[in-house]
1. Considering only the other residues whose Cβ falls under 12 Å of the Cβ of ARG95, what net charge follows from Lys and Arg at +1 and Asp and Glu at -1?
2. Counting only residues 5 or more places away or on other chains, whose amide H sits under 5 Å from the amide H of GLY194 once H atoms are built in the peptide plane?
3. Quick one: if the Förster radius is 35 Å, what FRET efficiency do GLU110 and ALA173 give, using the C-beta to C-beta distance and rounding to 0.05?
4. Could you give me the ³J(HN,Hα) list for region 125-141, computed from phi with Karplus coefficients 6.51, -1.76, 1.60 and θ = phi - 60°, whole Hz, x at Gly and Pro?
5. Would you grab the residues whose amide H sits under 5 Å from the one on LEU170? Only those 5+ places off in sequence or on another chain, please, with H modelled 1.01 Å from N.
6. With a point put 7 Å past each Cα toward its Cβ, work out how far VAL199 is from ARG49 in nm, to one decimal.
7. Could you please rank LYS214, LYS108, placing first whichever residue has the fewest other Cβ atoms within 10 Å of its Cβ?
Amino acid sequence: MDKRIAGIFASAGLPVDDEPVRAAAVAVERAEAAHRRLLERREQAAELREQRAGHERDARVARTLAGHLRANNFERWLLAEALDLLVDGASRILRELSGGQYDLVHDKGEFFVVDHHDAGLRRGVRTLSGGETFQASLALALALSEQLAGMSTTAASLESIVLDEGFGTLDAATLDTVAATLESLAARGDRMVGVVTHVPALAERIPVRFEVRKNARTARVERTGL
């Protein structure tokens, strides 16, 4: 065999014999078989990595559930889920009552109103005006009533709501906001809205009214309005 060819074979780690063509062919077959085995192992490795990732995800979920299912954590988790649902429902109602101006959010137990008329500014509820506070409180009350109805085992529905919020303490601008909110709520048509008030400016905007009239001896209820 030519010394140059023998040197090439030797550098490649191949046996040197008198039939270099046959030796090269055998080497090629072995190399191709080794290459196929490497490809198969690489595919197996990818499958194993994917399986490991799946098992790790399952383990994380199991650890999280184990933490939630501890007596105190499970209760805390349920309350957090209930609060999220309550705020989501209240935000939807508040957005409707305010004509798209406000959303309601919460963070670490604190409630905030997002004002879309003020570049999405997030304001703490303590900064709200009387009318804004009324709208937010009413939205929360309505969302809570929807949740309670949804949790009923008898498909109960709360078709009426009666409000007695001490309207006499509100200024004229706030009363106007309250009245507009109540009118918007009534226009939804999904429930009857009752208001207990001694404020004539608010009572006059209620289409159907029942006035309590009394004297020194008796009292009677008289329907006025429509």
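Nothing in this text is a laboratory measurement; each read-out follows from the coordinates by a stated rule. What you are looking at is a predicted structure, and each value in this text was computed from that prediction instead of being measured. Methodologically, a virtual Cβ is constructed for each residue, glycine included, from the backbone with ideal geometry; neighbour enumeration extends over all protein chains shown.
1. Here the charged neighbours net out to -3.
2. Excluding prolines and chain starts, which carry no amide H, the hits are ILE161, VAL162, LEU163.
3. Calculated transfer efficiency: 0.85.
4. Each residue's phi maps through the Karplus curve to give 5, 5, 8, 6, 6, x, x, 5, 4, 4, 4, 5, 5, 5, 4, 5, 5 Hz.
5. none
6. Going from the VAL199 label point to the ARG49 one covers 6.7 nm.
7. Fewest-to-most Cβ neighbours within 10 Å comes out as LYS108, LYS214.
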